[in-house]
Amino acid sequence: MAIEGRSDARTGRKIRLGMVGGGEGAFIGAVHRIASRIDDQYELVAGALSSTPEKARRSGEALGLAADRVYDDYESMAKAEAKRPDGIEAVAIVTPNDVHAAPTYAFLKAGIHVICDKPLTLSLAEAKKMQAAVEKSGRIFALTHNYTGYPLVRRMREMIRGGDLGEIRLVQVEYPQDWLTGPTETTGNKQAEWRVDPKRSGAGGALGDIGTHAFNLADYVTGLDVAELAADLTSFGPGRRLDDNVQVMLRYVNGARGALWASQVAPGNENGLRIRVYGTKGGLHWVQANPNEMLWSPFEKSTRIVTRGGPDSGEAAARVTRVPPGHPEGYLEGFANVYSEVALAIKAARAGKKPPKGVHFPTIEDGVKGLAFIEAAVKSSRANGKWVRP
């Protein structure tokens, strides 16, 4: 995957990173920048940080970027950086959903790896087109479903794939929030404004924003394929064009049953992501608000608390754990684990090698699955909860 003229055999050198979006006032852009720096694997050197040139330049200056590497738009950035001997190797796309696809195409064409925020794009058709572009390019594409980076989430996956729970029967996942309980989008909150706009967010509101996180988490830890789903999507906010509450029943190919709830109108909930998985040999329960502990309930035995970094945390969790148990790791570190896994893949690609064993992160395939889930849920809800194959 090395690009002639810009590759470097020194695999330990920091990865030159660019960013599209994420300028002043943007929440997720700052999160991506922090995540990229935690393990000291990246250096932000260029950006098209806003669609407003003046704001882009102010943002670039605030971040200490060289003036000639602060761009007015992603098209000129991709072309210019591809020509530089010190051009970016990867780009983080941290824009609203409607500005994921076009920058992806531009940077893949320029031979640059892509790290993209979720959900992948606005439609399943576009997602499949992006998948074809990624496969043709030979570049690395990562989707930042950051909850897959939590050590104990990886331990859940390891235990389930290792057969500790036996045959999986039940999957319960939920992600409630309360920030759209009132008419937040009418108060000048830019994060709310684009998330309730179908032209910028896509067919799903809470469904696309946090429902895809819940779906991806269940998919990641269980490895089970969904055979069909039945959904009820509701818009409780007056005049709100996209759903703010999601309830989905899931039937898995292996016969297991699941339920997914995502809501942004549930007072008292901040980011209440949790998952419970039950099989013939036991059950697991993990809560994002307390990510350093997980409940493991072997059938007919006492429930045990598994701690991040503790004796039962396993190999998969240990390789993405930084500090001893009792020192909390959470949201930013989980995000950083995704970035650092991608870094290992990029550095291996520099040398024409495969990533080290165990390295993994959400990819274009996960993005396509997410859009298939969104469209199936929307279709089902419009048909009064009819069972639909994703």
Open item on the list: Residues that are within 23 Å of E193 (Cα to Cα) and either at pLDDT 95 or above or out of contact with any Lys or Arg (no Cβ under 8 Å at 6 or more places or on another chain) (or both), at least 2 per element: which strands (runs of 3 or more DSSP E) completely within the stretch 19-127 meet that?
Closed with: 90-93
Open item on the list: Suppose we filter H360, H327 for residues that are over 21 Å from the mean Cα position of the chain (by Cα) and not in a helix (DSSP H, G or I); which single one remains?
Closed with: H327
Task: For E300: the one exception among (1) without any contact (Cβ under 8 Å) to a residue 40 or more places away in the chain; (2) over 23 Å from K386 (Cα atoms); (3) in a strand (DSSP E or B) - done: (3)
TODO: Being of a type outside the set (G, A, S), buried (at least 19 other Cβ atoms within 10 Å of the Cβ) and over 19 Å from L120 (Cβ atoms) narrows it down to one of L229, L217, L233, L207, so name that one.
DONE: L233
Open item on the list: Every residue in the stretch 236-251 that is buried (at least 19 other Cβ atoms within 10 Å of the Cβ) and either among the small types (G, A, S) or modelled with pLDDT under 95 (or both), please.
Closed with: G237
Open item on the list: Let me confirm something: among D219, D244, which residue is in the same structural domain as V287 (by TED's automatic domain parsing) and under 16 Å from L371 (Cα atoms)?
Closed with: D219
Open item on the list: Can you pull out every residue in the stretch 217-240 that is among the polar types (S, T, N, Q) and farther than 30 Å from P151 by Cβ?
Closed with: T234, S235
Task: Cross-chain or 6+ apart pairs with Cβ under 6 Å, the stretch 153-180 first and in contact (Cβ under 8 Å) with a residue 24 or more places away in the chain, then acidic (D, E) - done: L180/D244
TODO: Return a yes/no flag: does the stretch 96-111 have any residue that is buried (at least 22 other Cβ atoms within 10 Å of the Cβ) and among the charged types (D, E, K, R).
DONE: no
- [ ] Any residue in the stretch 76-88 that's buried (at least 24 other Cβ atoms within 10 Å of the Cβ): show its pairings with residues that are at pLDDT 95 or above and among the small types (G, A, S) at Cβ separation under 6 Å, as long as the two are six or more apart or on different chains.
- [x] M77/A48; A78/A106; A78/A110; E81/A46; E81/G87; I88/G18; I88/A46
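The values are calculated or read from the model by the stated rules, or taken from the named source; none is laboratory data. Computed from a predicted model, the values in this text were never measured in an experiment. Glycine also receives a Cβ, built like all others from the backbone with ideal geometry; neighbour counts cover every protein chain displayed.
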